[in-house]
Amino acid sequence: MTLPPHISLPGKKRVAGPDRSPVYAMVGNPNCGKTTLFNALTGLRQKVGNYPGVTIEKKIGEAFSQHGRPMKVIDLPGAYSLAARSPDEAVLRDVLLGRRTDTPQPDRIICVVDASNLERNLYLAHQILDLGRPVIVVLNMMDVAHAAGHRIDPKKLEESLGVPVIPCEAIRGKGLVELRLAMSRAELPLARHRWDVPAPIAPAVADLQASLVQNDNRPPLVARAEALLLLTDFDTVRVAGSTPLSDRTHEILAHWRQRWEGEGTDWSATLIRSRYDAINRLCADVIRRTGAQGPSLSDRIDAALVHSLWGWLFFGAVMATLFFSIFTLAEYPMNWIDAHMAALSSWVKGAMSAGDLRDLLTDGVIAGVGGIVVFLPQILILFFFVGLLESTGYMARAAFLMDRPMSKVGLHGKSFIPLLGSYACAIPGIMATRTIENAKDRLVTILVAPLMSCSARLPVYLLMIATLLPSTAVPTTTKAAIMLLMYALGTLGAFGFAWLFKRTLFQSAPPLMIMELPPYQRPHLREILRQMIERGWLFLKNAGTIILGISIVLWFLTAYPKNPDPAATPDAKIAYSLAGRAGKILEPAIKPLGFDWRIGIGLVTSFAAREVFVSSTAVVFNVQHFAGGKRAEVTPLRAALRAATWPDGAALFTPLVCFTLMVYYVFAMQCMSTVAIVKRETNSWRWPLFQIAYMTGTAWILCFILYQTGRALGF
Amino acid sequence: MSRSPFNLRLPLCQLAAGATGRICEITGDESFAQRLREMGFGEAALVTKISGTTTSLCHVNGTRLALNHDAAKSVLVELLPLGAR
């Protein structure tokens, strides 16, 4: 590809050597279609969303040049500015400035801009061009811009910026060939000079630039860009892995800040304004707007969907459909999986001779992993819905509506999305908190998210309701009402604790939120399915590794040490095992709640995953019945629980105990995977440990009050 | 920024739905004010309120932006006559 005449090559050329494939970084505002373009270029499986900032992890893909040479492409988080305000944006800034040791500084940058909102998108592009690296500007969503009456002249924009500008419609694959051609070029031009730093600020920029070159080893051009950034950013948001600036640079920065504050100059506003002025001049040149525009389709849909009455009705309907699907539609595939796991287990039992290995396979591996895999349908359905809500643009509207109720407890609308996700599983919920800018708000959301009743509590609730209420005498609505009560308790707990934390541990100014509501789009089913499969696969991988390991360990704990008496009843065998002993040690602590050591085993094993309670009580209680020697007569678990007694003959699972146990599961923190993810996200052991303490402590205290009051009242 | 005595200055949260204003001042948290400016929500920008009193939904520069109550309180706008846009 030959260079257009207006693009001049600078003296110093960045040539991608023949020995090494060039590294491209892909950057852009949230919702500019960057991720779709990344997928189209690399074919790598990756998530696409409409909610600002879904792309969070560092994603690296491989694309091929026109000549078949591989090129690396890093997909960076969406951001509005290099002056970072959230961990996401800090990652973007640090990678581009070469401050991260774990990621190579990209050789070239692909800057994706939304053509339908050129001014705002060019703000980031403008900062990127300052970095002095070769940049390719991709004008994405040209069709949307056209529909909105914006006629953009890419050639003119190319002339003004001095870098290649490629018009594109990523969603339809238009412009990809041209982009690949531009990426394949051995040499890319550097941007021409576009704007002058306002005169009062220029000396500070020069000062900081000199210091960055001298004390922080920055190349001069990067140093200038970083100096400009420091004046609007103050380097406040720091993330793990980025190298700190030298003391001398900090001193110079402090000196200038002090001086301006004395003079009353608002230098950061001046900088932003002068950049926007330059952008507006540029846009006046390249955009022609045709005719006055009436309200767009999105505006008309929003008139109903964020309406104070219709909006809430629609939101209620969406939530109802979501829960209905998770709890009813998922039942069919779940029963199917259950039946096949049981069949597999009995096949293994028949095919192998009795012994430890067989028990390990059936009671440990199949029961443990099967118990988790059975939730796959629910998780897939939830991810499908979340994907659908994100892909259509409705998720941001839901967050908008929920902002008001959330503000009552000191959080804002953006915290709603993680909490919603936590109804399925706290892990994706906690990962979704990364778009919350304020560190304190983010931490509070992480701390309360596991209180939302996740799908793993469902089997425990179901078992307890079944034990509590004889199946035929009680109408289904009563059971549903108890179930709903548990969900409501968890939700109230989450909101209550958020309120409490925001007033005590994490006191801060009222949260400020600004959130973009992207235009509505037709959902891209292929992207949603791709994302569903990707997440489902991650879940299965977890089940196949961590949970498999835990299941084996748990089986070992319930099987060893072996009771020396070979004629011992299974009950006595369990009591003799390590798990049994642990349960006995635990008994004094849980007896005031009405739980015995056998329930204690269930509580301990629940740390693997809450639903393990069901399989471990099945082991502990069902085997007792076999003690009588009638092997053929396997009592269903529910009946076994109803028959269980204390040593003095009193019933163990009284309705009060069943109810108390459910409340315990609503509040207690019993999930190792959540502990691990909280540790990773907060970068310390302090918060997961605090979370275990406050949640389990609350569970114990509430259950103590509930059980003792119930007893006193004669239940 | 100069303002005519006839023009009413009010926080964005009090702007009526459908009304258009010109942003004249952003008060409060400095770093948040900066983010607003960087998103094109700076002084002199025209903003049209779509709906909301607690959480405001506005149109600025062709994008829909939602601000929560505390954020909208910190933005002072100058009411423009109908059809000024």
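In the stretch A:538-546 there is no residue matching the filter, namely being under 30 Å from B:THR63 (Cβ atoms) and under 19 Å from the mean Cα position of the chain (by Cα).
Would you pick out the residues in the stretch A:668-695 that are open to solvent by less than 10 Å² (accessible area, probe 1.4 Å) and either on the phi > 0 side of the Ramachandran plot or not β-branched (Val, Ile, Thr) (or both)?
Answer for the stretch A:668-695, where residues must be open to solvent by less than 10 Å² (accessible area, probe 1.4 Å) and either on the phi > 0 side of the Ramachandran plot or not β-branched (Val, Ile, Thr) (or both): A:ALA668, A:MET669, A:GLN670, A:PRO688, A:GLN691, A:MET695.
Note on the stretch A:485-522: residues that are away from chain B (no Cβ under 14 Å) and surrounded by 14 or more Cβ atoms within 10 Å (Cβ to Cβ) total 16. Tell me the residue from A:GLU158, A:GLU187, A:GLU178, A:GLU119 that is under 17 Å from A:ASN31 (Cβ atoms) and of a type in the set (Asp, Glu), please. Criteria check complete, one pass: A:GLU119.
Scanning the stretch A:551-569 for residues that are in a helix (DSSP H, G or I) and open to solvent by 40 Å² or more (accessible area, probe 1.4 Å) yields A:ILE552, A:VAL553, A:PHE556, A:LEU557.
Here are A:ALA354, A:ALA330: which of them is loosely packed, with under 12 Cβ neighbours inside 10 Å, more than 30 Å from A:LEU82 (Cα to Cα) and not polar (S, T, N, Q)?
The match here is A:ALA354.
Taking the numbered list (1) more than 20 Å from A:VAL374 (Cβ to Cβ); (2) surrounded by fewer than 24 Cβ atoms within 10 Å (Cβ to Cβ); (3) in contact with a Lys or Arg (Cβ under 7 Å, 6 or more places away or on another chain) in turn, A:VAL444 passes all entries but (2). Looking across A:LEU208, A:LEU228, one residue alone is open to solvent by less than 10 Å² (accessible area, probe 1.4 Å), within 14 Å of another protein chain (Cβ to nearest Cβ) and over 20 Å from A:ASN117 (Cα atoms). It is A:LEU228.
Of all the strands (runs of 3 or more DSSP E) wholly in the stretch A:98-195, which have at least 3 residues that are farther than 20 Å from A:ARG224 by Cβ, open to solvent by 10 Å² or more (accessible area, probe 1.4 Å) and among the hydrophobic types (A, V, I, L, M, F, W, C)?
Output list is empty.
Across the stretch B:44-74, the number of residues qualifying as under 26 Å from A:THR270 (Cβ atoms), open to solvent by less than 40 Å² (accessible area, probe 1.4 Å) and part of a loop (DSSP other than H, G, I, E, B) comes to 2.
Considering only residues in the stretch A:341-387 that are outside any helix (DSSP H, G or I) and touching a helix residue (DSSP H, G or I) at 6+ places or on another chain (Cβ under 7 Å), the one that is modelled with the lowest pLDDT turns out to be A:VAL374.
Taking the criterion of being more than 10 Å from every other protein chain (Cβ to nearest Cβ), surrounded by 12 or more Cβ atoms within 10 Å (Cβ to Cβ) and either of a type in the set (Gly, Ala, Ser) or over 23 Å from A:GLU158 (Cα atoms) (or both), the residues of the stretch A:271-288 that qualify are A:SER274, A:ALA278. The selection criterion, being over 23 Å from the mean Cα position of the chain (by Cα) and away from every other protein chain (no Cβ under 14 Å), holds for A:LEU469. Return the total of residues in the stretch B:49-85 being free of Cβ contacts under 8 Å to residues at least 40 places away in the same chain, touching a Gly at 6+ places or on another chain (Cβ under 9 Å) and more than 10 Å from chain A (Cβ to nearest Cβ). Residues flagged as free of Cβ contacts under 8 Å to residues at least 40 places away in the same chain, touching a Gly at 6+ places or on another chain (Cβ under 9 Å) and more than 10 Å from chain A (Cβ to nearest Cβ) within the stretch B:49-85 amount to 1. Scanning the stretch A:456-471 for residues that are in contact with an Asp or Glu (Cβ under 9 Å, 6 or more places away or on another chain) and open to solvent by less than 10 Å² (accessible area, probe 1.4 Å) turns up A:ARG457, A:VAL460.
Looking at A:PHE653, is it open to solvent by less than 30 Å² (accessible area, probe 1.4 Å) and at pLDDT 95 or above? It is false that A:PHE653 is open to solvent by less than 30 Å² (accessible area, probe 1.4 Å) and at pLDDT 95 or above.
For the list (1) over 30 Å from A:SER268 (Cα atoms); (2) within 14 Å of another protein chain (Cβ to nearest Cβ), I need the number of the one condition that A:GLY173 fails. Here A:GLY173 meets the rest and fails (2).
Name the residue that is farthest from the other protein chains (Cβ to nearest Cβ), counting only residues in the stretch B:21-33 that are open to solvent by 10 Å² or more (accessible area, probe 1.4 Å) and not hydroxyl-bearing (Ser, Thr, Tyr). Here the residue is B:ARG22.
The values are calculated or read from the model by the stated rules, or taken from the named source; none is laboratory data. Not measured: the values here are computed from a predicted model. Note: ideal-geometry Cβ built from the backbone for every residue, glycine included; neighbour counts use all protein chains shown. Heavy atoms of the whole protein, side chains included, go into the accessibility calculation; ligands, DNA and RNA do not. Shrake-Rupley method; radii C 1.70, N 1.55, O 1.52, S 1.80 Å.
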